[in-house]
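First the structure, in the form of structure tokens, and then the observations on it.
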């Protein structure tokens, strides 16, 4: 079968230099595994980390791809709930399933957790014609959800759901600030917050603001403007003024990091929450502690989520309440171009897919 493989890291983000299409053996299922023909796979930023070999020196030779959907073509002897012909999508959080964290419903905190298609290998990911996963790491796709939509949702919908519902515990009436709403997680963050009856303020670059509003955001702000946080504060004041409520944001959905961090902290109400899952503009953020202790702010970390949370998100997709936003679709041969587009981010809105 054909697979997108690299045997070395890149020091200068020259993806075309290392990405090669190779013919490798088609997998056979282990006793607890499902083998499926990949219909679509979605790019994530950890693909780039993998090719750089930083922050983790991932296994080589490597096949990336954490989010893959497809049709089951073989199952192992011990597989109980998945059969040949089923439509499935990956749940990329691979954990031991027997430790205290896993058995208490916190598989994302498992000390043995690995991200499939990023930390796994050699040659074990979704950017290939046929791949395999343990039964517990695939979820059936609802009939009304396409392969493309499922692949685009796999990690980003899961991450966003866990951040807002599992960690921040959003409630109807909350004012929620979605940073970077033009990204995959941001797209889903907006829709999840609206599903729960929240008022949503979202940020993006100027060319994406109308798209945020079309997606359901109540307000859209250019976070490249130096005073973007003042605009958000004014919006929050206008929302709360008629009710004589304390102005400010209840929950901030954060994955940008860098220079925005302290500005975000100033926007939170007393006892409010910021939940973070990334740092695409820099991880070494300085914190003014006064914003935290004086207002009793909750700072929550979040990564991935549970299989059940992915199923919840897919259910609401099947009901038409949440949609996957797909920016563009590439072939395996165009993979370096696709990853370069994701890295630069210019004009990017939603997920990039690769199809074998």
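Filtering region 167-180 to residues that are modelled with pLDDT of 95 or more, assigned to a loop (DSSP other than H, G, I, E, B) and in contact with a helix residue (DSSP H, G or I) (Cβ under 6 Å, 6 or more places away or on another chain) leaves only 170.
Total residues in region 243-268 satisfying the condition of being within 21 Å of residue 285 (Cα to Cα), modelled with pLDDT of 85 or more and in contact with a helix residue (DSSP H, G or I) (Cβ under 9 Å, 6 or more places away or on another chain): the figure is 14.
Within region 238-258, the residues that satisfy the criterion of being within 23 Å of residue 186 (Cα to Cα) and either part of a strand (DSSP E or B) or out of contact with any strand residue (DSSP E or B) (no Cβ under 7 Å at 6 or more places or on another chain) (or both) are 249, 250, 251, 252, 253, 254, 256, 257, 258. Take region 328-341 and flag every residue that is out of contact with any helix residue (DSSP H, G or I) (no Cβ under 8 Å at 6 or more places or on another chain), free of Cβ contacts under 8 Å to residues at least 40 places away in the same chain and either outside the structural domain of residue 128 (by TED's automatic domain parsing) or surrounded by 17 or more Cβ atoms within 10 Å (Cβ to Cβ) (or both). Scanning region 328-341 gives a single hit, 341. Evaluating residue 213 against the criteria (1) outside any loop (DSSP other than H, G, I, E, B); (2) buried (at least 20 other Cβ atoms within 10 Å of the Cβ) leaves one unmet condition, (2).
Within the span defined as region 217-237, every residue fails to be within 18 Å of the chain's Cα centre (by Cα) and at pLDDT 95 or above. Given the condition in the same structural domain as residue 81 (by TED's automatic domain parsing), in a helix (DSSP H, G or I), more than 27 Å from residue 57 (Cβ to Cβ) and modelled with pLDDT of 95 or more, answer yes or no: does some residue in region 120-135 qualify? Yes, that holds for at least one residue. Filtering region 230-242 to residues that are surrounded by fewer than 20 Cβ atoms within 10 Å (Cβ to Cβ) and touching a helix residue (DSSP H, G or I) at 6+ places or on another chain (Cβ under 7 Å) leaves only 233.
Against the numbered list (1) touching a strand residue (DSSP E or B) at 6+ places or on another chain (Cβ under 6 Å); (2) under 19 Å from residue 179 (Cβ atoms), residue 291 comes up short only at (1).
The values are calculated or read from the model by the stated rules, or taken from the named source; none is laboratory data. A quick note: this is a predicted structure, and the numbers were derived from the prediction, not measured. No Cβ is skipped: glycine too gets one built from the backbone with ideal geometry, and neighbour counts run over all protein chains shown.
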